[in-house]
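K.L.:
Pasting a structure below so you can have a look.
The values are calculated or read from the model by the stated rules, or taken from the named source; none is laboratory data. If you're wondering where the values come from, they're calculated on a predicted model, not measured in any experiment. Virtual Cβ from ideal backbone geometry, glycine too; neighbours counted across all protein chains shown.
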Ligand SMILES: NC(=O)c1ccc[n+]([C@@H]2O[C@H](COP(=O)([O-])OP(=O)(O)OC[C@H]3O[C@@H](n4cnc5c(N)ncnc54)[C@H](O)[C@@H]3O)[C@@H](O)[C@H]2O)c1
């Protein structure tokens, strides 16, 4: 029996990178998936067409999120899982809090943090109707320390993701709903397209990681599916580093 048979998941940022991998792997495990992304639907998504519903929407638009969640719940009979994966890292524009354009600050916080409030707010009532559920929110190791080349809006938003997740974990434990965070380390994805123009930067990043390589979408999907699954039934309110050992360095 497939691990996610009869389960329904919402995955944000599912138009590419880690989100698309997570959606594919959930469908391969038997789930049906609402995929939300501001990007158009990828040409190829594995699995049967009826197993996924792709909604092109901006997650900062609460009404659009609410409508997508309602459409998925109607089509599939409820929702069990939420993977909040969407995020933006605007190299160049996102800089020190002392000099950042505050419109950029607001937009980065809206996409990286407030969007997760929108999805949680509309998905949790569906989970309660099913008698439980699980959420995984994507933060970043970037929020764990300062950076001489700061991206303060991203850092602050990703720290907020941790606080939000822990708070939801406590609020919702009695409803059988778990909430956890993944901290990806530097990973291959469209977000790191700059490495294609500068492969030396990819190599230098990989060399600094104890396991000797950057992360992959598959690495993040494996961790996410574990935390969503019943194998993590006693895990809530915590964070999982998936960074090849980077944070363990002195
Ligand atoms: N790639 C890395 O090195 C890395 C490292 C640490 C953390 N992360 C985090 O992991 C998560 C996934 O990143 P990724 O590497 O797959 O990046 P990605 O850029 O490939 O994917 C992010 C997706 O979010 C979508 N998105 C952005 N704004 C949106 C909006 N307003 N509404 C709907 N969708 C929107 C994008 O279109 C994109 O498909 C992000 O939260 C990111 O911050 C990534």
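K.L.:
Would you confirm whether any residue within the range 193-201 is under 21 Å from residue 11 (Cβ atoms) and touching a helix residue (DSSP H, G or I) at 6+ places or on another chain (Cβ under 8 Å)?
P.N.:
Scanning the range 193-201, I find no residue that is under 21 Å from residue 11 (Cβ atoms) and touching a helix residue (DSSP H, G or I) at 6+ places or on another chain (Cβ under 8 Å), so the answer is no.
Quick grid of which residues meet (1) surrounded by fewer than 16 Cβ atoms within 10 Å (Cβ to Cβ); (2) at pLDDT below 95; (3) closer than 21 Å to residue 32 by Cβ; (4) in contact with a strand residue (DSSP E or B) (Cβ under 7 Å, 6 or more places away or on another chain):
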site	(1), (2), (3), (4)
207	yes, no, no, no
210	yes, no, no, no
214	no, no, no, yes
219	no, no, no, yes
225	no, no, yes, no
231	yes, no, yes, no
240	no, no, no, yes
248	yes, no, no, no
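K.L.:
Does the range 163-175 include one or more residues that are closer than 18 Å to residue 228 by Cβ, within 12 Å of the ligand (Cβ to nearest atom), touching a residue at least 24 places away in the same chain (Cβ under 8 Å) and touching a strand residue (DSSP E or B) at 6+ places or on another chain (Cβ under 7 Å)?
P.N.:
No, the range 163-175 contains no residue that is closer than 18 Å to residue 228 by Cβ, within 12 Å of the ligand (Cβ to nearest atom), touching a residue at least 24 places away in the same chain (Cβ under 8 Å) and touching a strand residue (DSSP E or B) at 6+ places or on another chain (Cβ under 7 Å).
K.L.:
Go through (1) within 12 Å of the ligand (Cβ to nearest atom); (2) surrounded by fewer than 24 Cβ atoms within 10 Å (Cβ to Cβ); (3) under 28 Å from residue 207 (Cβ atoms) and name the single condition residue 184 misses.
P.N.:
Unmet condition: (2).
Yes or no, residue by residue, for (1) over 20 Å from residue 192 (Cα atoms); (2) touching a strand residue (DSSP E or B) at 6+ places or on another chain (Cβ under 7 Å):
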| position | (1), (2) |
| --- | --- |
| 43 | yes, no |
| 52 | yes, yes |
| 57 | yes, yes |
| 62 | yes, no |
| 69 | yes, yes |
| 82 | yes, yes |
| 88 | no, no |
| 108 | no, no |
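K.L.:
Those residues that are within 15 Å of residue 179 (Cβ to Cβ) and free of Cβ contacts under 8 Å to residues at least 60 places away in the same chain, I need them from the range 82-115; list them, please.
P.N.:
Residue satisfying the conditions is 113 alone.
K.L.:
Looking at 149, 163, can you tell me which residue is at pLDDT below 95, out of contact with any helix residue (DSSP H, G or I) (no Cβ under 9 Å at 6 or more places or on another chain) and over 20 Å from residue 218 (Cα atoms)?
P.N.:
Residue meeting the stated conditions: 149.
K.L.:
Here's something else I'd like to know. Hey, among 78, 92, which residue is within 16 Å of the ligand (Cβ to nearest atom), on the phi > 0 side of the Ramachandran plot and in a loop (DSSP other than H, G, I, E, B)?
P.N.:
Residue meeting the stated conditions: 92.
K.L.:
Residues that are away from the ligand (no atom under 12 Å from the Cβ), modelled with pLDDT of 95 or more, closer than 23 Å to residue 226 by Cα and surrounded by 22 or more Cβ atoms within 10 Å (Cβ to Cβ): does the range 125-133 have at least one?
P.N.:
Among the residues of the range 125-133, at least one is away from the ligand (no atom under 12 Å from the Cβ), modelled with pLDDT of 95 or more, closer than 23 Å to residue 226 by Cα and surrounded by 22 or more Cβ atoms within 10 Å (Cβ to Cβ), which makes the answer yes.
K.L.:
Here's another thing I want to ask about it. Tell me which helices (runs of 4 or more DSSP H) are completely within the range 137-250 and hold 1 or more residues being under 25 Å from residue 95 (Cβ atoms), or say none if there are none.
P.N.:
The helices (runs of 4 or more DSSP H) meeting that bar are 152-172, 194-197, 199-208.
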